[in-house]
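Structure, as structure tokens:
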Amino acid sequence: MGTSSAYGGPGGGTPLIPTWLEPEDGVVPQATPGAPDADEQPPPSGQPQAPPARPPIPTPSDRRRFSAARTNYSRFARSGGRDRSRLGRAVSQYVTRASGGSRQAARRMGSSRAAGGRLLGFLADAATRGVRDALRTLNLEGLAGRPIEEIFLGLADYVCPEGGGIDEGIAREAFVETIADLAENGITDLDALTAEEVQTVFELYATHAIEARLCNDIGTQSVTLPKDARDAGRVQAQLYDFIRRGVADALAVSHVAAQPLTPDQALSFVGDVYAQAFEILRSLGEAEVDP
């Protein structure tokens, strides 16, 4: 299991969701062909032209919204992974107080949500039409027949295009860690991919993506892992296992489709799974506090 790259976490004044940058479900509204934009409509005769409308500036969120989750995760880390109640508090507070609920937490996944949709779409296509045909659709037919790790590495630029932001970095890091986990989870032949293995691959990706998002939001530079390597490993493993349990439970409710998905269908499915996973993580976290 890997960990997210060091990042001090977003400032508390950063809006939860920059809605003027990210349309709902990543769909950019399209103008009606041939119709002028609202800003281009001529003003009534004799009236001056109004200046173009500016996007609304959202109200800054609570500057302390990450504090409780950071404090509890730090105490969990200092316990060497033994204080499960602190882990539970950190995760539940991240979902409720820091993110504003499970649905908003899912929208914060940003690039990881879009990458998850592309990954799931490719896997569903490969499982039903065959790997070669699925790769041919992406102009990557030359990867057919190669080891699964090489195929996935060749898919990296399609699944999670490189970008300069933390969001893109989280998506790409989660995909690379997923590739490293394939053999350990018994997934070695993409040509013989089963529906259960499609679900496992997506489960691995979503788990790594949520883990990286949570750690970067809480702020890895503000959390000191134990000096003892075994304790540090226990802290990291427990967070990963905790999140994977939530993702697995969410997928048990929302089964991965066994047929090819359109991009919109894949994106919608992934968004719903992330939202369900965060809601389950909130419940699991609260259960750790009050067993």
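What follows draws every value from the coordinates through simple rules; no lab data is involved. Here the structure is a predicted model, which is why all the values come from computation and not from measurement. Virtual Cβ from ideal backbone geometry, glycine too; neighbours counted across all protein chains shown.
Taking other C-beta atoms within 10 angstrom as a stand-in for reagent exposure, THR194, THR207, THR71 fall in the order THR194, THR71, THR207, fewest first.
Under 8 Å for C-alpha pairs, at least 6 residues apart: give me the relative contact order for segment 149-291, rounded to a whole percent.
Working: 85 pairs, mean separation 29.6, N = 143.
So the answer I get is 21 percent.
Among SER74, SER92, what is the fewest-to-most ranking by other Cβ atoms within 10 Å?
Details: SER74 18, SER92 22.
Ordered from fewest to most neighbouring Cβ atoms within 10 Å, SER74, SER92 come out as SER74, SER92.
Separation of segment 260-291 and segment 88-134, taken as the distance between their Cα centroids, equals 8 angstrom.
Could you work out the local net charge near SER74, counting Lys and Arg as +1, Asp and Glu as -1, over the other residues with Cβ closer than 13 Å to its Cβ? Show your work: numbers first, answer last.
Working: positive: ARG70, ARG75, ARG78, ARG86, ARG89; negative: ASP83.
Summing Lys and Arg as +1 and Asp and Glu as -1 gives +4.
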